[in-house]
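Data first, discussion second: the structure below is written as structure tokens.
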Amino acid sequence: MKDVNLGIVGLGNVGSGTLTILAENADEIARKLGFRLNVTAVCSRSVKSKNLPAGLAPKLITTDWREVVSHPDVDIVAELIGGTGTAREVVEGAIAAGKSVVTANKELVALEGVSIWKKAEAQGVTLAMEASVCGGIPIHAVLREGIAGDHIETLFGILNGTSNYILTEIEENGSAFNDVLAEAQRLGYAEADPTADVDGFDARSKLALLASLAFGVQLTPGDIPTEGIRRISPIDFHYAKQLDCTIKLLCSARRVEDGLFVSVRPALLSKKTIMAGVKGAYNAVWSRGKFGADTFYYGRGAGPNPTGVAVVSDLMRVARSLHPEPAHRVPPFAYTDLAAAKPLEIGRQHRHWYLRFRITDQPGIIRDLSSILAEHSISIDAVLQLPDLDKQNLPFVITLENSPESAVRAAVEKMSKLPFMVEPPLALPIERGV
């Protein structure tokens, strides 16, 4: 069978990992495909300073992506630069040139994936995007094909390895958030600007993609209620431990009769759940189907080699589709069409809650808080307080019975105005269904 030629745009961590795998695993890949994948063109702004893996001899080495997508010998283009500016030009340029595209770009696919897919479909080429979520876990293939026969009801995920690493370090070592973040940056787990990771935006893009695959809807990432982990401190893990829980940045999507609840936010998880054991920079996805019940997927969410494996696997899948044209290709979003959708108002959702307070100690505090909760028809489950000598900054916790989020948020807003509050109360859902 005829070899398939590749154009690789972007030689950062993912691009470099992809090239390494294509070079070092070339013979094994050829055995699986029945033909070889040849790296014909590579592109990077700093390509002249890059050392390509031994065994690769591209015909074209360039700083101009246009030369790659227009090269007559390139069959598939891999966009591995990230972002939504030049990356979109690369992807759409390749599609316009009649070339299939593999991308690891979660932000671009979450924002523009459906329109790009439609353009690819019109051109008769393939869009593949397995590496865009949970680099080391083939979760796209799982939802698109592996459990496609099921009716997914609930999906939970730990989708950002940086945040999970930070939370793990706070829990295990009692370190402050800023100290752990600085260490994560030193180790390369966190970017110099960590906003996308610690404020939940990276995980939000990934959840939008997984919701498309699991539920057949098109969500705008900005519509997803999102909270980051900046306010989580060691004291929260002390209280979580008393509740036999841990704290994770949890991506949640749950189907109900009239729509979909989705959110990205830190939440308490029972330590009895399998998701609670996901530590460090690892990712995990748990799904519950109407017929197939529970399935769980775990692995590294990022890194040159795990993500590179996902990219190369996509390149192999697309290359197969060129030998010959298959009668039926699996759509990249699992469904043949996506219905426009917005998440249900998160305030309608009922959950148990963890409220952590920092107060200046004085008589009547529990009375005042209980009164506000009663005004909003919210019942207290428990009051927890660890010994603390600092009466000017005293932490304690109230857990709540199952309550509508709108009522809890309204109560917390009123509580935050009480004169003894050192800072606004921290409200975290307690997830019991994972």
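The values are calculated or read from the model by the stated rules, or taken from the named source; none is laboratory data. Source: prediction; values computed, not measured. Here the Cβ is made from the backbone with ideal geometry for all residues, glycine too, and neighbour counts use every protein chain on show.
Worth pointing out:
- Looking only at the stretch 294-317, residues that are among the β-branched types (V, I, T) and over 14 Å from E79 (Cα atoms) come to 2 in all.
- Subset of the stretch 117-142 [of a type in the set (V, I, T) and out of contact with any Leu (no Cβ under 6 Å at 6 or more places or on another chain)]: V125, T126, I137, I139, V142
- Count of the stretch 369-398 residues which are part of a strand (DSSP E or B) and of a type in the set (S, T, N, Q): 0
- Residue ID - nearest to V422 (Cα to Cα), chosen from residues in the stretch 352-401 that are without any contact (Cβ under 8 Å) to a residue 60 or more places away in the chain and either in the same structural domain as L268 (by TED's automatic domain parsing) or β-branched (V, I, T) (or both): I365
- Hey, S321 polar (S, T, N, Q), surrounded by 20 or more Cβ atoms within 10 Å (Cβ to Cβ) and either under 27 Å from A120 (Cβ atoms) or in contact with a helix residue (DSSP H, G or I) (Cβ under 7 Å, 6 or more places away or on another chain) (or both) or not: no
- Filtered by the rule that a residue be more than 29 Å from the chain's Cα centre (by Cα) and within 21 Å of G303 (Cα to Cα), the stretch 25-38 gives a lone residue, A26.
- Residue that is free of Cβ contacts under 8 Å to residues at least 60 places away in the same chain and in contact with a strand residue (DSSP E or B) (Cβ under 6 Å, 6 or more places away or on another chain), where the choices are T154, T84, T126, T103: T103
- Verdict on A319 being at pLDDT 90 or above and assigned by TED's automatic domain parsing to the domain that holds A120: yes
- Residue in the stretch 149-156 that is part of a helix (DSSP H, G or I) and under 14 Å from the mean Cα position of the chain (by Cα) present: no
- Test result for A122, part of a helix (DSSP H, G or I) and under 20 Å from the mean Cα position of the chain (by Cα): no
- Of all residues in the stretch 78-113, those that are touching a Pro at 6+ places or on another chain (Cβ under 7 Å) and surrounded by 23 or more Cβ atoms within 10 Å (Cβ to Cβ) total 1.
This table checks each residue for (1) over 16 Å from V74 (Cβ atoms); (2) of a type outside the set (A, V, I, L, M, F, W, C); (3) surrounded by 21 or more Cβ atoms within 10 Å (Cβ to Cβ).
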| site | (1), (2), (3) |
| --- | --- |
| L6 | no, no, yes |
| G12 | yes, yes, no |
| D27 | yes, yes, no |
| G34 | yes, yes, no |
| T40 | no, yes, yes |
| C43 | no, no, yes |
| N51 | yes, yes, no |
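- Subset tally (residues that are under 20 Å from A203 (Cα atoms), in contact (Cβ under 8 Å) with a residue 24 or more places away in the chain and part of a helix (DSSP H, G or I)) for the stretch 157-184: 10
- Listed by first and then second residue, the pairs with beta-carbon distance under 8 Å, at least 6 apart or on different chains, first residue in the stretch 405-424 and closer than 21 Å to L344 by Cα, second basic (K, R) and surrounded by fewer than 16 Cβ atoms within 10 Å (Cβ to Cβ), are E405/R348; S406/R348.
Yes/no per residue for (1) on the phi > 0 side of the Ramachandran plot; (2) assigned to a helix (DSSP H, G or I); (3) more than 14 Å from the chain's Cα centre (by Cα):
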{"position": "R186", "(1), (2), (3)": "no, yes, yes"}
{"position": "L210", "(1), (2), (3)": "no, yes, no"}
{"position": "R230", "(1), (2), (3)": "no, no, yes"}
{"position": "L249", "(1), (2), (3)": "no, no, no"}
{"position": "L260", "(1), (2), (3)": "no, no, yes"}
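- Any chance A94 is in a helix (DSSP H, G or I) and at pLDDT below 95: no
- Only listed residue being more than 34 Å from the chain's Cα centre (by Cα) and surrounded by fewer than 13 Cβ atoms within 10 Å (Cβ to Cβ), chosen from L418, L369, L389: L389
- Of all the listed residues (I61, I81), the sole one being in a strand (DSSP E or B) and modelled with pLDDT under 95 is I61.
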